[in-house]
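Engineer: Before we start, here is the structure in question, set down as structure tokens.
The values are calculated or read from the model by the stated rules, or taken from the named source; none is laboratory data. Model, not experiment: these values are computed from the prediction. Heads up, the Cβs are rebuilt from the backbone with ideal geometry, glycines too, and the neighbour counts pull from every protein chain shown.
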Amino acid sequence: MRRYAAIMIHAYSQVSGRSLEQVTRDMHLEGIIDPDQIRHLSDAETEYLHDILKDDNKIRSWQANYQS
């Protein structure tokens, strides 16, 4: 579960332009997920992250939240 959370934190971070630390707080995961421990994703996790980022339906609402 933590690795899935790590991938989602990275995805949200990339879409929103916010740091891993900020996203961890946004998702109320501070104390549960340490951003320093999730900075690096495995090759498989990175591939899954890229799949998420290619899916407009998955990221559209995140983008809407952070557009000026």
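Engineer: Within segment 6-46, how many residues are out of contact with any helix residue (DSSP H, G or I) (no Cβ under 9 Å at 6 or more places or on another chain), within 20 Å of Trp62 (Cα to Cα) and part of a helix (DSSP H, G or I)?
Structural biologist: Final tally of qualifying residues: 1.
Engineer: Select from segment 19-31 the residues that are surrounded by fewer than 16 Cβ atoms within 10 Å (Cβ to Cβ) and touching a residue at least 12 places away in the same chain (Cβ under 8 Å) and list them in ascending order.
Structural biologist: Ser19, Glu21, Asp26, Met27
Engineer: Leu49 is checked against (1) of a type outside the set (Lys, Arg); (2) surrounded by 14 or more Cβ atoms within 10 Å (Cβ to Cβ); (3) out of contact with any His (no Cβ under 8 Å at 6 or more places or on another chain); (4) not in a loop (DSSP other than H, G, I, E, B) and fails just one. What number does that condition carry?
Structural biologist: Here Leu49 meets the rest and fails (3).
Engineer: Which one of Ser42, Ser68 is polar (S, T, N, Q), modelled with pLDDT under 90 and over 12 Å from the mean Cα position of the chain (by Cα)?
Structural biologist: Selected residue: Ser68, the only one of Ser42, Ser68 that is polar (S, T, N, Q), modelled with pLDDT under 90 and over 12 Å from the mean Cα position of the chain (by Cα).
Engineer: Going through segment 1-24 one residue at a time, which ones are charged (D, E, K, R) and modelled with pLDDT of 95 or more?
Structural biologist: Glu21
Engineer: Now, a different point. Just to be sure before I move on: is Arg3 basic (Lys, Arg) and assigned to a loop (DSSP other than H, G, I, E, B) in the structure I sent?
Structural biologist: no
Engineer: If Ser61 satisfies all but one of (1) exposed (fewer than 11 other Cβ atoms within 10 Å of the Cβ); (2) within 13 Å of the chain's Cα centre (by Cα); (3) in a helix (DSSP H, G or I); (4) of a type outside the set (A, V, I, L, M, F, W, C), what's the number of the condition it fails?
Structural biologist: In the conditions (1) exposed (fewer than 11 other Cβ atoms within 10 Å of the Cβ); (2) within 13 Å of the chain's Cα centre (by Cα); (3) in a helix (DSSP H, G or I); (4) of a type outside the set (A, V, I, L, M, F, W, C), Ser61 misses (2) alone.
Engineer: Further question: Take the residues in segment 45-62 that are modelled with pLDDT of 90 or more and of a type in the set (D, E, K, R), then tell me which one is nearest to Ser16 (Cα to Cα).
Structural biologist: The residue in question is Lys54.
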